[in-house]
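Colleague: Structure incoming, see below.
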Amino acid sequence: MNGSDTPERTRRIDRVRKLLAVARDPGATEHEAATALAMAQRLMEDFGISDQECRARDACENQTERGTRANEPPKWEDDLAGLIGRAFACDLIFLASGKWAFIGIDPLPEVAAYAFDVLHRQLSRARRTYIAEKLKRVTVRANKVRRADLFCDGWVAGVARKVNRMVRRPEDGDAIKAYTALAYPSLTELSPRDRNADRNLRDYEHRDWQSGRRDGQSAELNAGVGVGGAAPALIGADPLDRLAEAAKGLMP
C-alpha cells in the first residue's frame with residue numbers, strides 16, 4: 001500500500017487486527033475481550049500502528065487494463081467507470097496512466113475491473129461501427145467526434161438499465177476510505193471531457209444518443225472471471241447483473 005509496508009510491519013498489523021477482532025467478538029468473555037484490546041493497543045503504541053492502517057487492511061484495489069490515454073477522460077468513460085464502481089460497491093480513482101483503479105472489499109475490485117474492461121471494449125467497438133456506418137457522411141471531424149460521444153453517452157445509459165447497485169456496509173466504507181487515504185493521499189477532483197456540454201442538441205443528435213441507448217441495452221459479459229481462486233461460469237449471453245450476482249455469492 002505504501003513504502004513502509006514491510007513484511008514485518010504487515011504481520012504486526014495483522015496481529016493487531018486479530019486481537020481487535022477478539023475484543024469485538026460477542027462470544028468472548030469480558031476478560032478475554034479486555035486482554036485482547038489491551039494487547040492490541042500496546043502493539044499499536046509500540047510500533048506506531050494507526051487505527052487507519054488496521055481498517056485499510058480490509059480493502060484492496062484492482063486496476064483496469066483499458067482506459068483513455070489522456071489526462072481528461074471523456075464523459076462517457078467516466079460515466080461507465082462510475083456505473084461499474086457503484087454496481088460493485090467500489091470507490092473509483094482515475095490514474096495518471098489513463099487507467100482506473102477500483103477500491104473495495106475483495107473480490108469486488110477485481111470483478112469491477114473485469115466488467116469495465118469488457119464493457120469498454122464492447123463500447124469502443126460499437127463506437128467505431130457507428131462512426132463507419134452512420135456518421136460516414138459527416139465531413140467535419142469535430143462534429144463526428146461529438147456525435148460519436150453522444151452515441152457513447154446513450155450506450156452507457158442503456159447499460160445502466162441492466163445494473164443493480166450493490167449495498168455497501170458501513171464498515172466496508174470505513175475500510176475503503178482508510179485505504180484510499182493511505183494509498184492516494186494527494187487526490188484532486190477529476191474533470192471529464194464533455195464535448196457536448198452547454199450545447200442545444202439537434203434532432204439528429206438526439207437520435208445519436210437514442211441509438212447508443214438501444215445498442216447499450218444489448219451489452220453482455222459472456223466470459224468467466226477468476227476471483228479469489230474461484231471462476232464463476234458466465235455461460236452464453238450473460239448480462240452485467242448476472243456478474244453482480246456471481247460476485248455477491250463470493251462475498252464472505
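Colleague: Kindly provide the set of residues from region 93-116 that are open to solvent by 10 Å² or more (accessible area, probe 1.4 Å), over 26 Å from Val145 (Cα atoms) and either of a type in the set (Phe, Trp, Tyr) or under 8 Å from the mean Cα position of the chain (by Cα) (or both), ordered by number.
Modeller: Kept after step one, since they are open to solvent by 10 Å² or more (accessible area, probe 1.4 Å), are these residues of region 93-116: 93-97, 99, 105-106, 110, 114.
Next, from what is left, pick out any that are over 26 Å from Val145 (Cα atoms): 105-106, 110, 114.
Tyr114 - this is the single residue of region 93-116 that is open to solvent by 10 Å² or more (accessible area, probe 1.4 Å), over 26 Å from Val145 (Cα atoms) and either of a type in the set (Phe, Trp, Tyr) or under 8 Å from the mean Cα position of the chain (by Cα) (or both).
Colleague: Within region 1-37, count every residue that is assigned to a loop (DSSP other than H, G, I, E, B), within 25 Å of Pro185 (Cβ to Cβ), open to solvent by less than 60 Å² (accessible area, probe 1.4 Å) and in contact with a helix residue (DSSP H, G or I) (Cβ under 8 Å, 6 or more places away or on another chain).
Modeller: In the first step, residues of region 1-37 are kept if they are assigned to a loop (DSSP other than H, G, I, E, B); the result is 1-6, 25-29.
Then drop every residue that is not within 25 Å of Pro185 (Cβ to Cβ), which leaves 1-6.
Add one more test, that the residue is open to solvent by less than 60 Å² (accessible area, probe 1.4 Å), and what stays is 2, 5.
Keeping just the survivors that are in contact with a helix residue (DSSP H, G or I) (Cβ under 8 Å, 6 or more places away or on another chain) gives 2.
Total satisfying the criteria: 1.
Colleague: Among (1) surrounded by 17 or more Cβ atoms within 10 Å (Cβ to Cβ); (2) modelled with pLDDT under 95, there is one condition Leu150 misses while meeting the rest; what is its number?
Modeller: Every condition holds for Leu150 apart from (2).
Colleague: Are any of the residues in region 130-139 within 17 Å of the chain's Cα centre (by Cα) and modelled with pLDDT of 95 or more? Before you say what the answer is, go through the steps one by one.
Modeller: Within region 130-139, the first condition is being within 17 Å of the chain's Cα centre (by Cα), and the residues that meet it are none.
Within region 130-139, none of the residues are within 17 Å of the chain's Cα centre (by Cα) and modelled with pLDDT of 95 or more.
Colleague: From the list Leu123, Leu119, pick out the single residue that is over 15 Å from the mean Cα position of the chain (by Cα) and open to solvent by less than 10 Å² (accessible area, probe 1.4 Å). Spell out the reasoning first.
Modeller: Numbers: Leu119 fails: over 15 Å from the mean Cα position of the chain (by Cα).
Every option except Leu123 fails the conditions.
Colleague: Condition check: open to solvent by 40 Å² or more (accessible area, probe 1.4 Å) and polar (S, T, N, Q). Does Thr64 satisfy that?
Modeller: Values: open to solvent by 40 Å² or more (accessible area, probe 1.4 Å): no; polar (S, T, N, Q): yes.
For Thr64, the condition - open to solvent by 40 Å² or more (accessible area, probe 1.4 Å) and polar (S, T, N, Q) - is not met.
Colleague: Among the residues of region 60-101, which ones are under 27 Å from Lys18 (Cβ atoms) and either without any contact (Cβ under 8 Å) to a residue 24 or more places away in the chain or touching a Ser or Thr at 6+ places or on another chain (Cβ under 8 Å) (or both)?
Modeller: Within region 60-101, the subset under 27 Å from Lys18 (Cβ atoms) is 60-62, 89-91.
Asp91 - this is the single residue of region 60-101 that is under 27 Å from Lys18 (Cβ atoms) and either without any contact (Cβ under 8 Å) to a residue 24 or more places away in the chain or touching a Ser or Thr at 6+ places or on another chain (Cβ under 8 Å) (or both).
Colleague: Of Ala23, Ala28, Ala40, which residue is more than 18 Å from Asp174 (Cβ to Cβ) and among the small types (Gly, Ala, Ser)?
Modeller: Numbers: Ala23 fails: more than 18 Å from Asp174 (Cβ to Cβ); Ala40 fails: more than 18 Å from Asp174 (Cβ to Cβ).
After ruling out the rest, the residue left standing is Ala28.
Colleague: Quick one: in region 38-61, which of the residues that are polar (S, T, N, Q) and open to solvent by 50 Å² or more (accessible area, probe 1.4 Å) is farthest from the chain's Cα centre (by Cα)? Before the answer, list the steps.
Modeller: Filtering region 38-61 down to residues polar (S, T, N, Q) leaves 41, 50, 52.
Now narrow it down to the ones that are open to solvent by 50 Å² or more (accessible area, probe 1.4 Å): 41, 52.
Working: Gln41: 33, Gln52: 21 Å.
Checking each candidate, the answer is Gln41.
Colleague: Could you please find all residues in region 126-147 being without any contact (Cβ under 8 Å) to a residue 60 or more places away in the chain and open to solvent by 80 Å² or more (accessible area, probe 1.4 Å)?
Modeller: Arg128, Glu133, Lys136, Arg137, Thr139, Arg141
The values are calculated or read from the model by the stated rules, or taken from the named source; none is laboratory data. All values derive from a computational prediction rather than experimental measurement. Methodologically, a virtual Cβ is constructed for each residue, glycine included, from the backbone with ideal geometry; neighbour enumeration extends over all protein chains shown. For accessibility, only protein heavy atoms count, side chains too; no ligands or nucleic acids. Shrake-Rupley method; radii C 1.70, N 1.55, O 1.52, S 1.80 Å.
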